[in-house]
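Notes to accompany the following structure.
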Amino acid sequence: MGPIKIQSPVKGEWSFMNPPGHHPDAKDFVAVNDKGTPYDWFKILRHLVYKLSVTETYAWEKEVFSPFEGVVLKVENTMPDRSGLNLFRDLFKGLVLAPRNGKSDIGYFLGNYVVIESPEGILALFAHLRQGSIVVGEGDNIEGCELLGQVGNSGNTIQPHLHFQLMKERDLSQATPIPFVLESCQVINNGVWRSESSKLPRNYERFRV
């Protein structure tokens, strides 16, 4: 079976910013500007020293949508967001503390999240959503492109982003991401946007939907 074709779970201009060691079939959607950065480039020092607010990133509170019709299996909507960003602290937490402390608590990694299942038995996971933003409930039947919630900074993150993956297993601690492509998007090449279908942009490649 080839990659599963889905509608994009986000709208606007984005880039995949998967860190080292991240599963290649799970994607971190990060909203970016025309320079491909998640916030104004001159704010990087403030990110390093805990002076950058989540509200200064482009991904914060961006809407998240269902990529297909299905039923909502699981919702977590109560995990707090970290309002201040500190790159060194958050990297240490993610690389050192998370493997040690998060094994028995999936919420430690995912923060606020939604899991939906398609009629074909494919599950989609949306993680790191904003606390209180999720507008669907467990057992709800939903349509493709239906609003689910907003991007937040809950769970194991270094900045606001949407962690998205498809899978077949219901046990999130054992799930293996499976490949997907976007039904349609535009990718920039040498300053020119070109339309693509059934494509997955490369890591750090700017695309828009």
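The values are calculated or read from the model by the stated rules, or taken from the named source; none is laboratory data. Remember, it's a predicted structure, so these values are computed and weren't measured experimentally. Please note: Cβ atoms are built from the backbone with ideal geometry, for glycine as well, and neighbour counts cover all protein chains shown.
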So Glu117 passes all but one of these: (1) surrounded by fewer than 17 Cβ atoms within 10 Å (Cβ to Cβ); (2) without any contact (Cβ under 8 Å) to a residue 60 or more places away in the chain. Which condition number does it fail? (1)
May I ask you to verify whether Lys103 is farther than 30 Å from Asn189 by Cα, at pLDDT below 95, surrounded by 16 or more Cβ atoms within 10 Å (Cβ to Cβ) and basic (Lys, Arg)? no
Conditions: (1) surrounded by fewer than 16 Cβ atoms within 10 Å (Cβ to Cβ); (2) out of contact with any Ser or Thr (no Cβ under 9 Å at 6 or more places or on another chain); (3) of a type outside the set (Gly, Ala, Ser); (4) within 25 Å of Leu166 (Cβ to Cβ). Val75 meets all but one. Number of the miss? (1)
Close pairs from segment 56-67: first free of Cβ contacts under 8 Å to residues at least 24 places away in the same chain, partner crowded, with 21+ Cβ neighbours inside 10 Å and assigned to a loop (DSSP other than H, G, I, E, B), Cβ under 7 Å, at least 6 apart: Glu56/Tyr39
The condition of being in contact with a helix residue (DSSP H, G or I) (Cβ under 6 Å, 6 or more places away or on another chain) and of a type outside the set (Asp, Glu) holds, among Leu200, Leu162, Leu182, Leu172, only for Leu172
Do the conditions hold for Gln159, that is, is it outside any loop (DSSP other than H, G, I, E, B), touching a residue at least 60 places away in the same chain (Cβ under 8 Å) and under 15 Å from Asn18 (Cα atoms)? no
Of everything in segment 138-150 that's more than 16 Å from Gln7 (Cβ to Cβ) and more than 19 Å from the chain's Cα centre (by Cα), which residue is surrounded by the fewest Cβ atoms within 10 Å (Cβ to Cβ)? Gly139
Within segment 56-87, considering residues that are polar (S, T, N, Q) and in contact with a Pro (Cβ under 9 Å, 6 or more places away or on another chain), the one farthest from Val115 (Cα to Cα): Thr57
Which of (1) closer than 14 Å to Tyr204 by Cα; (2) touching a His at 6+ places or on another chain (Cβ under 6 Å) is the odd one out, the single condition Phe16 does not satisfy? (2)
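Residue-by-condition table, conditions (1) buried (at least 21 other Cβ atoms within 10 Å of the Cβ); (2) at pLDDT below 95; (3) in a loop (DSSP other than H, G, I, E, B):
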| residue | (1), (2), (3) |
| --- | --- |
| Phe29 | yes, no, no |
| Ile44 | no, yes, no |
| Tyr50 | no, yes, yes |
| Thr55 | no, no, no |
Here's a check for you: in segment 1-59, which residue that is among the basic types (Lys, Arg) and farther than 16 Å from Leu162 by Cα is nearest to the chain's Cα centre (by Cα)? Lys5
